[in-house]
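J.: Mind having a look at this structure? Questions to follow.
Throughout, read-outs are computed from the coordinates displayed, never taken from laboratory work. Everything quoted here is computed from the prediction, not taken from an experiment. Here the Cβ positions follow ideal geometry from the backbone for every residue, glycine too, while neighbour counts run over all protein chains shown.
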Amino acid sequence: MADDIVIQTRNLTKIYRDFWGRKKVRALNSLSLDVRKGEVFGLLGPNGSGKTTTLKLLLGLLFPTEGDVTILGKPAVDVTKNERIGYLPEESYLYRFLNAEETLDFYGRLFNMPADVRRERSRKLIERVGLQHARRRQLKEYSKGMTRRIGLAQALINEPDLILLDEPTSGLDPIGSRDMKDLIVKLKDEGKTVVMCSHLLADVQDVCDRIAILDGGELKVLGKVSELLKDQGVTQMKTTQLSDAVIKEVESLLVRHGAQMLEVDHPTTNLEDLFVKTVRESAARPGQRYIPPSSGNNPAA
C-alpha cells in the first residue's frame, strides 16, 4: 500500500445472515477504493446502500465476508489502529449525566492520557466546537445540535490522524452546520484525513475533495467533486457587466458558429450563504431591520 493511502479496500463484501446461517442481505458487494492522506472523502448513498456497514468494517466492528481492508497500514481487525482514529457515529452514545468537561475527561482516560493533558485538550476542544457557555451543563440538557458538537469533540480528544464522521451536520441549524463544515476544512488543513457520510448533498459538495456513491451495496460513482459536477455539454463564460447591444452582438456571433445562447444572468449565491450572512450581520449591527418598500422608506433601516 502506498504511503499516501490511508484507507484501502479490495473486493470488500459483507453478507448478513439469519439465525440459521442463510444469506439474508448483501449489504456490501466487492467495494474497492482508496482514500488518500489529507483529503476529505465523502461516502454517499440512499438508506440501505452500505455506508454505515462500510464504516463499521473500517473500524473493525464488523468482519468482512470477503475481501480485504487496510487502515493506516494495518488490517481493520487490528484494534491498535483505533488509537489513531476518531469516530462520530450517526447517533452519539454519550453519558447523559456527565457534563462536557467530564465527558471529554472520561474519553481521555480511555486513551491513558495524563490528567494535565486531558484538561488542556478538553478546554481547547470545548472552545473549538463552541460549547464554552455549556461546558458544565449535563448532557441530558443538551439539544441535538449541542450533542453533535460534543460528540465531535470526543472524536478529536486523541488527536487522530483519521476522522470518520457519520452524518456530522445532523440536527444542526444553518450556523452550526457552517461551523461544522469550517471545522472539517480546518482538520484537512492540519493534515488530517476525513471520511464523512451525509444525506445533505450540499454539505458534501462544500467540503469534500472526492466522493463515492453507493447504491445497493455497490460502488456506482467515484471521483473528484469538481470533475463529476461539470456539465461537459455546456460552456460557461463570466464577464463584467455588458450592455444589451453587446449581448446581442455576442449572441449573433455564437449563432454564426453553430452555438445557442441559453442564458444571460447575474451570478447568485446559495440560501445557506445568504442565511449565514444575514445572521452574522444582524449580530454585528443590532437593531437594523428590514422595512417593506411599500412603507415609503428604504428596504433596510
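J.: Among DSSP bridges having both ends in the chain, what percentage is antiparallel? Round to the nearest 5.
T.: Antiparallel: roughly 60 percent of the beta bridges in the chain.
J.: Give a quick list of trypsin sites (Lys or Arg not before Pro) in the range 91-191 that DSSP marks as loop, anything other than H, G, I, E or B, with at most 16 other Cβ atoms within 10 Å.
T.: Sites meeting the loop and neighbour criteria: ARG96, ARG136, ARG137.
J.: Could you give the size of the charge dipole of the chain about its Cα centre, using +1 on the Cβ of each K and R and -1 on the Cβ of each D and E, expressed in debye and rounded to the nearest 20?
T.: The dipole magnitude comes to about 960 debye.
J.: Let me ask you something else. What's the whole-number percent of alpha carbon pairs in the chain lying beyond 23 angstrom?
T.: That fraction is 65 percent.
J.: Still on this structure, I have one more. With n ≥ 4 as the cut-off for DSSP H runs, can you work out [θ] at 222 nm for the chain, using -39500 (n - 2.57) per run divided by the number of residues, rounded to the nearest 500?
T.: So the helix-based figure for the chain works out to -10000 deg cm²/dmol.
J.: Which loop trypsin sites (Lys or Arg not before Pro) in the range 1-83, with loop taken from DSSP, have no more than 13 other Cβ atoms within 10 angstrom of their Cβ?
T.: ARG22
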